[in-house]
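Nothing in this text is a laboratory measurement; each read-out follows from the coordinates by a stated rule. Since we're looking at a predicted model, the values are computed, not measured. When we count neighbours, we look across all protein chains shown, and the Cβ atoms used for this are built from the backbone with ideal geometry, even at glycine.
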């Protein structure tokens, strides 16, 4: 049961993170209000690092920012290590 909840949460948070990356990319192209970078990092830390990374590649968004190029993979690596340790 706990694994099912974890998988459902991971799916949900990563769908949200990809959606946020798409919305932010659209707003950037249209010169509109943007989603703050710290909020994207909060979503990544909350478990959406895979979605943020996929969104970076899929939408070519935030790919030149060193904080995203390095930070998002590091967050994912940390999450992977922690999940591997506790499961």
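Miscellaneous remarks
- Listed residues 48, 71, 31, most fluctuating in the chain (Gaussian network, C-alpha, under 10 Å): 31
- FRET efficiency, 1/(1 + (r/R0)^6) with R0 22 Å, evaluated for residue 86 and residue 37 via beta carbons: 0.15
- Computed from the C-alpha gyration tensor, the three semi-axes of the ellipsoid equivalent to the chain are 25, 14, 9 Å, from longest to shortest.
- Computed lengthening from residue 45 to residue 4, 0.36 nm per intervening residue step minus Cα-Cα distance: 12.7 nm
- For the peptides 51-58, 32-39, 15-22, the ranking by packing is 51-58, 15-22, 32-39, with the highest mean count of neighbouring Cβ atoms within 10 Å listed first.
- Taking a ≥ b ≥ c as the square roots of the eigenvalues of the Cα gyration tensor, an a/c ratio of 1.5 or more together with a/b larger than b/c marks the stretch 18-68 as prolate.
- Whole-number percent relative contact order across the stretch 35-87, with pairs defined as alpha carbons under 8 Å at least 6 apart: 33
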